[in-house]
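Colleague: Quick one: the structure is below, questions incoming.
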Amino acid sequence: MIIPIEKGAENKILRTQSKPIKARGKKFIKFLRDMEETMYDANGVGIAAPQVGVNDHVALALIDNKTVIPLINAEIIEASEAMVLGEEGCLSLPGLWGKVKRHKEVTVKMENLKGEEVILKFTGFNARVMQHEIDHLNAKLYIDRAEPGTVKEA
Ligand SMILES: [Zn+2]
């Protein structure tokens, strides 16, 4: 269940820095499965733990519109200078869309389910999803970055 926030309203959990993930037991796997279900139910391409009311540093991202990867303790370690302007929405801000400039390419450091470090590079729309989801883990929303006057109801 996603906690929607009203236009312009502030949701405390969405505005809190998420804490690093340590546990990777059955409960955590179940949490990821539940988040995945919520994401698909809402036709999203990504979802972050704060969106389901938990300030843990984990999100899911749908890559190439087919593979869901868990972003555990994920951070952007490199970003291209080149930026791309694109339309963005958020499951926590239903019905709103805005134009946001994002890095065209990002390199993300994260951990897999075994706790091993993984470094992956993303481009284009995948890079946009990464930036949006990792922002959630750092208490940021796309409306903070949107070009002035572009956030509108669809
Ligand atoms: Zn979002």
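The values are calculated or read from the model by the stated rules, or taken from the named source; none is laboratory data. If you're wondering where the values come from, they're calculated on a predicted model, not measured in any experiment. Don't worry about glycine lacking a Cβ; one is built from the backbone with ideal geometry, like all the others, and counts go over all protein chains shown.
Colleague: Within 13 Å of the ligand (Cβ to nearest atom) and either over 19 Å from residue 147 (Cα atoms) or among the aromatic types (Phe, Trp, Tyr) (or both): which single residue out of 52, 108 fits that description?
Modeller: 52
Colleague: Next up: State yes or no: is residue 110 hydrophobic (A, V, I, L, M, F, W, C), closer than 19 Å to residue 39 by Cα, at pLDDT 95 or above and surrounded by 16 or more Cβ atoms within 10 Å (Cβ to Cβ)?
Modeller: no
Colleague: Could you grab me the full set of residues in the range 113-130 that are in contact with a Phe, Trp or Tyr (Cβ under 9 Å, 6 or more places away or on another chain) and under 22 Å from residue 82 (Cα atoms)?
Modeller: 128, 129, 130
Colleague: Which residues, taken from the range 82-96, are of a type outside the set (Gly, Ala, Ser), within 16 Å of the chain's Cα centre (by Cα) and more than 12 Å from the ligand (Cβ to nearest atom)?
Modeller: Answer for the range 82-96, where residues must be of a type outside the set (Gly, Ala, Ser), within 16 Å of the chain's Cα centre (by Cα) and more than 12 Å from the ligand (Cβ to nearest atom): just 87.
Colleague: Filter the range 123-152 for residues that are touching a residue at least 40 places away in the same chain (Cβ under 8 Å) and among the basic types (Lys, Arg); which is surrounded by the fewest Cβ atoms within 10 Å (Cβ to Cβ)?
Modeller: 152
Colleague: Is at least one residue of the range 66-81 surrounded by fewer than 21 Cβ atoms within 10 Å (Cβ to Cβ), in contact (Cβ under 8 Å) with a residue 60 or more places away in the chain and either within 12 Å of the ligand (Cβ to nearest atom) or closer than 21 Å to residue 36 by Cβ (or both)?
Modeller: no
Colleague: Please count how many residues of the range 112-148 are touching a strand residue (DSSP E or B) at 6+ places or on another chain (Cβ under 9 Å) and farther than 19 Å from residue 79 by Cα.
Modeller: Final tally of qualifying residues: 5.
Colleague: Residues to consider are 111, 153, 133; find the one that is more than 17 Å from residue 20 (Cα to Cα) and acidic (Asp, Glu).
Modeller: Result: 153 is the single residue among 111, 153, 133 that is more than 17 Å from residue 20 (Cα to Cα) and acidic (Asp, Glu).
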